[in-house]
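To start, the structure under review is shown below, and the notes come after it.
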Amino acid sequence: MGGIEREEMLQKRAYQFRFYLTKEQQQILARTFGCVRYVYNWALRLRIETYNASKRSLSTNELSRRLTILKQQQEGSLVRVGISCPSRHGEDVNLTTMQR
């Protein structure tokens, strides 16, 4: 069998799941997703403002450093409330702005 024939024989499968969350779990997920949305929008705004002002892009490390500072400030209280708010969104912002 050649490589092409073998690829045609592979079968793709998909599974669908439904979770029935408790009220507490729903609140935790809502808070976490709100935090993720806030961090993503904050990082995107920061990157756009930096680029417009200096025509240079912020690195993922710089965004991560600034996120740490944001978490320590009063403005970042939403970020602190999130349950270990994923800070990988600096990388996501890098990817989306590079695709423009």
Between ALA53 and ARG18, what is the FRET efficiency for a Förster distance of 35 Å, r being their Cβ-Cβ separation, to the nearest 0.05?
-> 0.15
Proximal charge balance of ALA53 [Cβ under 15 Å; K/R count +1, D/E count -1] | +3
What order do you get for 35-45, 19-29 when each peptide is scored by the mean count of other beta carbon atoms within 10 Å, highest first?
-> 35-45, 19-29
Inter-label distance for GLN26 and GLN73, nm, one decimal - labels placed 7 Å from Cα along Cα-to-Cβ | 3.5
Label-point separation (nm) for ARG65 and PHE33, each offset 7 Å from Cα along Cα-to-Cβ?
-> 3.4
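Coordinate-derived values only; no laboratory data. Small disclaimer: the values here were computed from a predicted structure and weren't measured. When we count neighbours, we look across all protein chains shown, and the Cβ atoms used for this are built from the backbone with ideal geometry, even at glycine.
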